[in-house]
Structure formats: C-alpha cells, structure tokens
Amino acid sequence: MDTVPPPSIAAAERLSALRAACVTAGVDGYLVPHGDEHQGEYAAPYAERLKWLTGFAGSAGLAVVLGDRAAIFVDGRYTLQVRDQVDGALYQYRHLIEEPATAWLTQNVGSGRKIGFDPRLHTPGGLARLEEVAAKIGAALTPLVDNLIDRVWTGQPPRPLAPVVVYPEKFAGRSSAEKRALIAKVLKGEGINAFFLTALDSIAWLFNIRGGDVEFSPLTYAYAVLFADGKAVLFIDSAKVSAEVIAHLGPDVRLAPYDGVEQEIDALDKSVAIVGLDRDTGSRWAYDRLSAGLGVGGRKVRVTADPCTALKACKHPTELQGVRDAHVRDGAALTRFLAWLSSEGPKGQLTEITAAERLEKFRGESNTFRGASFATIAGAAGNGAIVHYRASPKTAARIKPDMVLLLDSGGQYLDGTTDVTRTVAIGQATPEQRNRFTLVLKGHIALASARFVKGTTGGQLDALARHALWQEGLDYDHGTGHGVGTYLGVHEGPHRISKVGNTVALEPGMVVSVEPGYYKTGEFGIRIENLVAVREAPQPPGAEKALLEFETLTLAPIDLNMIEGALMTDAEKTWLNGYHARVRETLAPLVDAETKAWLATATRAVV
C-alpha cells in the first residue's frame with residue numbers, strides 16, 4: 001500500500017498547518033517568498049519554504065496565505081509551470097507583474113487584519129510597497145521573530161556546511177586584499193564607515209573563496225562587514241573553514257560565527273555611524289538591527305547598491321580570458337552532444353532526462369568542470385514552451401522524430417560559468433517552426449551584432465531582439481539577457497537586457513546573455529542563447545561618442561535545419577556564416593573524427 005500522500009493532499013495539510021500557526025502567532029495571514037535570508041535566486045533545501053508549502057519549484061515567486069484563501073505570484077517564465085506544480089483548488093494563480101500582490105491584498109484583506117512575515121526574507125524596498133497598500137486599507141504587515149514555515153515543517157533539512165575552498169588568484173585576477181582596498185576606497189568616497197554584505201556571490205567574490213552550500217552555484221552561507229579601512233569581519237560556520245582558508249584570508253579578516261551576527265552588529269564601534277546595506281539583498285531584519293545601534297536616533301543605514309556588484313560585473317582581463325577558455329571546452333562538449341543527438345534522437349529511445357544526463361557526462365570529461373550551472377532545461381515538444389521547465393520522472397517526455405527539442409544548459413568551470421540554449425529539430429521541422437525559429441534568430445543576430453554608444457542600457461537594446469517577432473505580432477514573456485558570474489552565479493547583476501526598466505549602463509567587461517525566444521503553449525518552444533562580453537568597438541571616422549559592441553563567447557552550432565533562409569537578409573547570413581566558421585575552426589581540433597565530420601555539415605554556409 002502506498003503510504004505517501006498525493007502532492008495535493010500533502011499541500012493541503014501543509015497549508016492547514018501554516019494557517020494554524022498563523023492563529024497561534026496572532027496574525028491573519030502570512031507571506032512566503034521564494035528567497036532565503038540572502039535573497040538568492042537559488043536556495044539550499046532548508047530554505048525552500050515556498051516549494052515545501054506549495055510544490056512550486058521555480059526560482060522566483062511569492063505566496064500570500066490568508067485564513068480562507070491563498071494566492072501564488074510568479075513571473076512570465078513560470079505561468080505554465082505553476083499550473084503544473086501547484087493545486088489550483090488551494091491557490092489562485094497570479095502574474096507577479098500584471099497582477100501583483102499589492103492588488104490582491106487590496107481586494108482580499110480587510111481593515112484591522114495583520115499579515116505576518118519573516119523580516120529576514122524580505123528587503124525593505126520590497127516590503128515598502130506592501131506596507132503602503134496595507135496602510136491604505138487599514139491592515140498591517142507584522143514582523144515575526146520565528147518563521148512560521150519553520151515551525152510546522154517536519155523534517156526540515158539543516159543549514160548546509162559544505163567546505164570552503166580558496167579561489168586562486170590565477171583565476172580571480174586580483175587578490176582579496178586588492179578587492180577589499182578597491183571597495184574601501186568606494187566606501188570612503190561615499191562617506192560610509194562600513195558595509196554589511198549579504199549577497200553570497202559578493203562575499204565569495206570579495207574574499208576569493210568558493211563553497212558548496214547552494215545547488216548549481218559555488219557559494220557558501222555567510223555575512224560580512226567590510227570597513228572603510230579595508231578590514232572585514234566574515235560571519236561563517238567555523239566547521240566549513242580550513243587552516244588554508246584562514247591563512248588565505250589573512251590578519252585583516254576576522255572570522256565570527258554565522259549565528260552570532262546579531263551580537264556582532266549590536267557591538268559595532270560607535271565610530272561606525274553610517275553603514276551601507278544593499279537595496280536588493282539586504283533584509284528588513286538587517287536594516288532594523290543596524291538602525292537600532294548607537295542609542296537615540298540610531299545608526300544611519302544607507303540603503304544603496306552593494307559596492308561589490310559593479311566591480312564584480314566588469315570582469316578583470318584574467319577573468320575574461322578564463323571565461324573564453326571555459327566556453328571553448330563547453331562548446332566542444334556541447335558539440336559532441338549535438339552530434340550524438342543527431343543520430344540517437346530520431347530513434348525514439350531517449351527521454352529529456354537521459355539526454356540531459358548525457359550532456360553533463362560530456363561536460364564532466366573536463367578536469368575543470370565542477371557541475372551544472374543550473375538544472376538543465378530539456379524540453380521536447382510542448383514541454384519546451386515551459387520557459388524554465390525541469391523534467392522529472394513523472395513529466396519527462398520521450399524524444400521522438402518530428403519533435404523540436406529546446407535545450408538550455410550550462411556548466412560551472414573553475415575559470416568560468418556558461419549558459420547556452422540550442423533548439424534543434426529531431427527529424428523534420430514544420431514550416432511554422434522554421435518560421436518562428438528564423439524570427440528568433442534574426443532577433444538574436446540583431447542584438448549580438450549591435451554597436452551602441454557608451455552609456456547605453458540593456459533596456460534600450462532590448463527591442464532589437466524582439467523587432468522581427470513584433471512585426472508578426474509575436475513576443476516572449478521573459479527578459480532577453482542577464483549577467484553571468486565567473487565561477488559564481490549563472491544570473492548576476494546589476495545589468496540586464498529586458499523590457500523592464502534598468503538604469504545600469506553596459507560597460508566593457510560585462511558578460512551578458514542574448515536569448516530571445518518564442519513559445520507556443522502545448523506544442524513547442526524556441527530559444528537561441530549565447531553569452532557575450534561587452535567590449536570597446538572600433539571608432540568610425542568622425543565619431544563623436546565612444547562605441548561599444550559584443551564579443552560572442554558561446555561556441556556551438558545553430559541548427560540549420562530550423563532556418564527559413566528566404567527570411568534572412570544577406571547581412572544576417574554573413575553573420576551566421578562567420579559565427580559558424582569560428583565555431584568550426586575553434587572546435588574541430590578538440591573533437592573526435594565522427595563529430596568533426598558532423599560539425600562540418602552543421603556549420604556549412606547558408607547562401
């Protein structure tokens with residue numbers, strides 16, 4: 001007899017338990033965000049509270065639970081996935097942008113009601129909008145010391161204690177001391193005495209350390225305070241830190257317990273009168289705790305940008321070369337896989353899971369490979385239309401002839417992080433599929449080949465990737481590009497390419513994805529993604545402003561069987577042929593004879 005309750009029953013029981021905890025805590029509802037205490041995109045199992053409660057496994061979302069109703073809010077990447085994973089009888093589905101939580105609260109929360117939240121899991125800015133709405137309707141958001149999910153989660157995993165390792169300067173480009181000195185100079189210039197760092201990738205970057213606490217990203221759970229003199233306190237579990245790491249950090253970095261951060265904040269010297277806190281990752285708890293210092297009037301907390309973010313985004317030349325090298329190895333592995341898929345896919349014996357496993361096997365043959373940079377998205381047919389689909393034994397489709405397979409994957413290498421999407425025809429593509437693929441390709445080429453004046457933001461370039469689709473009344477409901485770290489997170493700020501406003505200008509050294517797409521619900525999905533690096537462009541005669549352009553980093557064939565050549569201009573064909581020539585010349589020496597023969601055909605010139 002099966003003793004495991006169906007997911008819907010388990011979800012109903014968990015929802016009931018949370019509601020009971022709300023009653024005990026004296027609140028009428030509760031906010032359950034996706035993020036952990038560091039506002040990261042990926043969280044360790046202990047912090048996957050939204051997934052535990054609702055079953056939703058996406059990387060962004062929010063549930064609002066009241067006594068008699070509940071809603072889950074997700075962005076456009078997850079509108080299909082949330083319906084597959086979350087019981088609609090328990091939760092109303094809402095689009096995070098088009099139907100935000102503020103509107104739902106206005107419609108569903110009455111005057112005098114209290115909505116509880118864990119201040120460690122929300123930023124001051126994120127809560128401010130909700131608090132404003134609550135005040136207008138006579139309700140209140142109430143911070144709670146204990147997380148209510150943690151109270152009712154039986155068998156909640158412990159916080160991970162993966163060992164911390166030193167990230168060598170030969171990959172990082174700068175020593176930790178150099179980085180701390182650069183950031184300290186920024187703090188002095190802004191009149192900030194210290195900065196409380198909460199973003200795990202900033203901490204890993206600043207101290208040249210890597211860990212294994214978070215799936216897909218080599219991060220370690222820690223906080224840090226960096227002072228304007230370059231000294232620092234690193235709050236981390238001592239069990240994770242070896243003598244080698246302690247020696248690497250040096251005498252100017254003091255270690256303190258992760259769980260002792262409150263006491264350390266309270267004991268900050270009176271000279272630390274102004275403390276910086278990141279607007280995107282600093283929590284309401286951190287803001288309140290820092291503000292409570294220095295008695296009447298408190299310590300001044302300046303909510304601003306994490307000073308590590310901009311320096312981390314503009315890669316050091318050593319990092320850029322490492323990223324290029326990593327992409328060559330990654331491209332060789334992906335090309336071997338695509339050649340293998342071209343013969344094995346039409347046989348009908350592969351599933352989305354076995355295909356993803358084979359790709360990781362090819363990547364794993366490199367001694368610099370440290371794992372996937374995110375869960376591989378292998379979406380066959382209609383699954384490809386689920387933007388962030390993740391196959392499970394229950395959902396994994398068999399790959400068959402005359403299907404389109406969308407494959408979005410990436411690797412973590414010691415010298416770089418990769419993220420690449422290829423959409424391939426298993427057998428014969430339909431005219432509609434070729435048309436849509438070519439429109440997406442035209443958008444990709446338009447953006448990848450763009451030259452733009454210095455100071456341009458990703459938001460100003462976004463329309464280039466969508467223009468060909470727009471002409472046919474088509475679009476995609478996700479951003480066009482995100483920043484990528486160097487053996488860090490596959491998603492990195494502050495820059496991005498998106499319709500959503502972003503005031504951050506693209507700067508030389510930034511790495512960003514170019515990934516337009518098209519998705520037909522229930523039938524197929526198309527996305528073509530390369531990573532590119534921003535670099536200075538040649539100046540034409542008479543130029544009055546400095547120009548920038550993109551250097552394409554990703555090296556892998558784009559499926560010519562999906563292209564409708566008549567829709568492409570000569571300039572677009574020239575770009576594609578030039579790209580494929582570079583792919584062929586770079587990768588052919590690195591693959592076996594059979595793959596080399598396939599590569600020659602896969603990168604043939606389009607006329």
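Things worth noting here:
- Averaging the Cα positions of each part gives two centres, and for the stretch 322-363 and the stretch 388-432 these lie 10 Å apart.
- Crossing angle, helix 570-587 versus the chain [Cα axis fit, 0-90 degrees, rounded to tens]: 80 degrees
- Legend: calculated FRET efficiency, N577 to V328, from the Cβ-Cβ distance at R0 = 30 Å, rounded to 0.05, equals 0.90.
- Longest to shortest principal axis, alpha-carbon extents of the chain, angstrom: 74, 58, 51
- Across the stretch 536-551, rounded Karplus estimates of 3J(HN,Hα) from the backbone phi angles (6.51 cos²θ - 1.76 cosθ + 1.60, θ = phi - 60°) give 6, 9, x, 8, x, x, x, 4, 9, 10, 5, 10, 10, 8, 10, 9 Hz, Gly and Pro being marked x.
- Residue order, fewest to most beta carbons within 10 Å, for S176, S217: S176, S217
- Amide H partners (placed H, <5 Å) of G116, local residues excluded: D28, G29, Y30, L31, T142
- For T521, T456, the sequence from fewest to most other C-beta atoms within 10 Å is T521, T456.
- Theoretical ellipticity at 222 nm over the chain - DSSP helices of four or more residues, -39500 (n - 2.57) apiece, nearest 500: -10500 deg cm²/dmol
- Exceeding the 25 Å Cα-Cα cut-off - candidates K347/K442; K300/K499; K454/K520; K188/K240; K188/K270; K315/K454: K347/K442; K300/K499; K454/K520; K188/K240
- K270-W470 pseudo-label distance in nm [points 7 Å out on the Cα-to-Cβ vector]: 5.9 nm
- Per-residue HN-Hα couplings for the stretch 449-461 [Karplus 6.51, -1.76, 1.60; θ = phi - 60°; Hz; x = Gly/Pro]: 9, 5, 10, 8, 6, 4, x, 6, 9, x, x, 6, 9
- Unit charges at the beta carbon, dipole of the chain: most positive-side option, L341, T486, L182: L182
- Here each label is just a point 7 Å from Cα along the line to Cβ, and for K231 and E365 those points are 5.3 nm apart.
- Amide H partners (placed H, <5 Å) of D402, local residues excluded: I426, G427, Q428
- Distance between the pseudo-spin-label points of Q539 and A181 (7 Å out from Cα toward the beta carbon): 3.1 nm.
- Förster radius 56 Å - calculated FRET efficiency between A239 and L560, Cβ distance, rounded to 0.05: 0.60
- Derived from the Cα gyration tensor, the three semi-axes of the equivalent ellipsoid of the stretch 314-599 are 28, 22, 18 Å, largest first.
- Whole-angstrom gap from the stretch 151-202 to the stretch 212-235, using each part's C-alpha centre: 3 Å
- Cα-Cα pairs of the stretch 378-431 separated by more than 17 Å (percent): 43 percent
FYI, it's all coordinate maths here, none of it is from the lab. All values derive from a computational prediction rather than experimental measurement. Please note: Cβ atoms are built from the backbone with ideal geometry, for glycine as well, and neighbour counts cover all protein chains shown.
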